[in-house]
Amino acid sequence: MGEMLFIELAKVFESLEKTTKRLEMTSILADFFKKTDASQVRKIVYLLQGRVAPAYKGLDIGMGEKLVEQAIAKATGYKQSEVEKAYLKKGDLGLVAEEMVSAKKQKSLISQDLTINHVFENFYKIASATGSGSQDLKVKLLTELLNNAKPLEARYIVRIPLDRLSLGIGDPTVLDALSVKEAGDKSLREVLEKAYNVCCDLGLVAETLYTKGVKGLEEIKMTPGVPVMPALCERLPSAQDIIKKLGKCAAEPKFDGFRMQAHKDGDKVWLFSRRQENMTNMFPEVVEAVRKQVKLEKAILDGEAIGYDEKTGEYLPFQKTMQRKRKYGIEEMLKENPLRLFVFDIIHDGKEVAGKPFKQRRKILEKAIAEGETIRLTDQIITDDAKELQEFFEDCISRGLEGIVAKDLNAPYTAGARKFAWIKLKRSYKGELSDTVDVVIVGYYYGKGARAKFGFGGFLAAVYDDDTGEFKTITRVGSGFTEEQMKELREMLEKIKVKEKPKNVDSLIKPDEWVTPKYVAEVMADEITKSPLHTCGRRKDEGYALRFPRMIGLKFDRAPEEATTVKEIIEMYKQQKRIKIGEEKAKQVNDLEQ
């Protein structure tokens with residue numbers, strides 16, 4: 001098979017853009033994958049994700065709007081001011097490029113058909129360009145693509161470096177399509193997902209399927225230096241429910257920091273976020289501690305990093321801890337706000353140990369960590385007594401922690417999966433919603449009165465439906481912001497606003513401005529109620545909503561697909577209802593006794 005032309009992929013992008021149905025998207029992709037050659041599939045999958053390498057490689061194609069406008073002007077003969085004017089009118093530089101390429105003021109002397117390889121190589125060079133002269137090089141490489149692009153190709157060639165592909169497909173849809181390519185084998189879908197959770201590289205997973213089949217996928221193993229999708233927690237409302245579900249279990253504190261995976265291979269150390277972002281350069285004290293305190297030659301550890309005040313011995317709140325996550329001014333912040341890494345699991349100790357029961361992994365972990373200031377093992381109790389579990393929970397809360405995580409002693413580490421192997425208990429429910437919800441911002445409002453000067457009055461929030469891959473609205477958040485946060489939110493959201501409702505958002509409400517689902521906010525509310533206005537879990541004209549929501553803070557370490565799910569909201573609603581009924585019964589008994 002010869003080199004595939006980029007126009008073929010552009011047509012697929014266009015078909016995906018025209019539909020909101022996940023099954024239809026899967027079918028479009030599956031048909032395309034059937035025509036795709038093994039030598040090209042990896043690059044195609046990366047381009048579908050809007051990148052040139054897996055996230056952990058840190059190769060970002062990103063270009064600012066002004067640079068992209070320059071490239072469009074150079075390739076088409078229009079002035080940059082004309083490109084800007086058209087952009088103001090259309091609100092989409094991709095559509096501007098498409099229109100201007102089809103009505104070029106200057107024709108290229110030599111024009112060639114763009115291949116997928118050519119487009120990919122140019123984007124790879126754009127992502128790799130650094131230092132002086134890198135901006136000019138990026139503009140030159142993008143201009144060269146637009147010189148040769150057909151109008152439809154130009155639309156997507158411009159949207160990729162702006163991170164505005166907005167096809168509405170997530171990684172699960174790509175995995176579905178790859179499994180459909182092989183006659184919709186359900187067991188293959190599970191093998192594909194397992195391989196992806198272990199290597200966090202969708203391009204590699206696709207290429208392995210094409211070249212080595214199922215056997216090759218099963219041979220993809222955890223490797224130090226390559227992040228693993230973190231295991232996730234389920235939630236239950238009480239210590240009694242946890243003991244009923246797990247029996248004898250381990251319980252550990254739940255820290256309000258950010259997830260950190262520490263990898264070691266000899267002297268080499270890597271630190272990854274829960275979104276597989278390489279954070280190694282941000283935390284030199286943790287890197288040093290991994291070298292000194294981890295006794296193993298090779299290791300992958302899972303933990304939570306949290307800011308720590310050495311004077312008072314207290315943990316810092318999440319927002320303060322997050323100030324450490326920066327690319328500049330690292331040394332100053334290190335002095336002001338040192339981190340502690342509390343490790344709670346080990347999944348590689350020279351060989352993969354994720355499949356071993358948790359109690360065995362804990363023993364391996366205890367032997368692997370030497371005494372020291374920066375890396376600490378989480379405290380742990382083992383119990384089958386609900387009263388003891390409740391006391392441990394209350395002790396953690398009194399120390400300013402979020403709650404506890406109870407763990408099944410016999411369960412393996414399930415990368416990327418939310419299972420009842422780990423169950424979190426956060427703050428007592430008391431018949432209302434005292435747990436927080438992670439929501440995705442899908443739109444914002446300008447604000448009235450005193451807020452008008454910030455141009456921000458609140459946001460429309462959604463939760464993730466993992467069955468459909470859509471974001472379903474659950475509330476409008478209008479309180480909990482400081483003036484500083486209002487300014488920050490307005491600036492952040494203005495950069496990602498879009499003219500039309502994003503196709504992966506399901507909403508009956510129209511905010512003042514729509515935005516691409518990108519940012520996750522932690523929200524506290526009084527309770528979950530039924531509402532005709534929202535689409536979360538909607539049945540018979542009624543969905544679920546949050547009552548009296550207020551923002552706690554932004555969660556920059558979460559991907560939008562990692563927000564609270566519709567299923568979790570429905571489960572939380574049932575738990576809340578059950579507790580209210582229990583409280584009413586207790587009150588009736590109390591009244592009778594009196």
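Laboratory data are not the source of any read-out in this text; all were calculated from the coordinates shown. Keep in mind it's a predicted model, so treat the numbers as computed, not measured. Virtual Cβ from ideal backbone geometry, glycine too; neighbours counted across all protein chains shown.
Helical runs (DSSP H, four residues minimum) scored at -39500 (n - 2.57) apiece and divided by the length of the chain put the mean residue ellipticity at 222 nm at -13000 deg cm²/dmol. Applying the Karplus relation 6.51 cos²θ - 1.76 cosθ + 1.60 with θ = phi - 60° to segment 493-509 yields 3J(HN,Hα) values of 6, 4, 5, 10, 6, 9, 5, 9, 4, x, 5, 9, 10, 10, 9, 9, 9 Hz, where x marks Gly and Pro. Axis of helix 202-218 versus longest Cα principal axis of the chain: the two differ by about 70°, to the nearest ten degrees. Cα gyration tensor of segment 232-426, axes a ≥ b ≥ c as square roots of the eigenvalues: rounded (a/c below 1.5), prolate (a/b > b/c) or oblate? In terms of gyration-tensor shape, oblate.
Taking only alpha carbon atoms, the chain gives an Rg to Rh ratio of 0.98, where Rh is the Kirkwood radius. Rounded to the nearest 20 debye, the dipole magnitude of the chain is 920 debye, with +1 charges on Lys and Arg beta carbons, -1 on Asp and Glu beta carbons, and the Cα centre as origin. Using a ≥ b ≥ c from the Cα gyration tensor of segment 212-314 (square roots of the eigenvalues), is it rounded, prolate or oblate, where a/c under 1.5 gives rounded and otherwise the larger of a/b and b/c decides, a/b for prolate? It comes out oblate by the Cα gyration axes. Projected onto its three principal axes, the C-alpha set of segment 437-577 covers 40, 30, 30 Å, listed from the longest axis down.
Counting only other residues whose beta carbon sits under 13 Å from that of Ile347, what net charge do I get with K and R as +1, D and E as -1? Charge balance in the 13 Å sphere: +3. A simple charge model with +1 on the Cβ of Lys and Arg, -1 on the Cβ of Asp and Glu and nothing else charged puts the dipole of segment 227-331 at about 260 debye relative to its Cα centre. Model label sites at Asn281 and Glu219, defined 7 Å from Cα along the beta-carbon direction, differ in position by 3.5 nm.
Since only Phe258, Gly400, Gly247 are under comparison, the one whose Cα sits farthest along the positive direction of the charge dipole of the chain, derived from C-beta charges on Lys, Arg, Asp and Glu, is Phe258.
With R₀ fixed at 51 Å, the C-beta to C-beta distance from Arg578 to Glu352 puts the FRET efficiency at about 0.80. Legend: residue pairs Lys194/Lys419; Lys66/Lys138; Lys298/Lys367; Lys518/Lys540, Cα-Cα distance threshold 18 Å; pairs beyond threshold, Lys518/Lys540. What aspartates and glutamates could a cross-link reach from Lys150, if we take a straight Cα to Cα line under 14 Å and drop same-chain neighbours fewer than 8 places away? Leaving aside aspartates and glutamates fewer than 8 places away in the same chain, those within reach of Lys150 are Glu8, Glu14, Glu98, Glu99, Asp113. Anything over 27 Å Cα to Cα? Flag those among Lys248/Lys424; Lys295/Lys387; Lys11/Lys221; Lys215/Lys424; Lys18/Lys212, in the order listed. With Cα atoms farther than 27 Å apart: Lys295/Lys387; Lys11/Lys221; Lys215/Lys424; Lys18/Lys212. In segment 476-535, what GluC sites (Glu not before Pro) fall in a loop by DSSP, with at most 10 other Cβ atoms inside 10 Å? Hits after loop and neighbour filter: Glu500.
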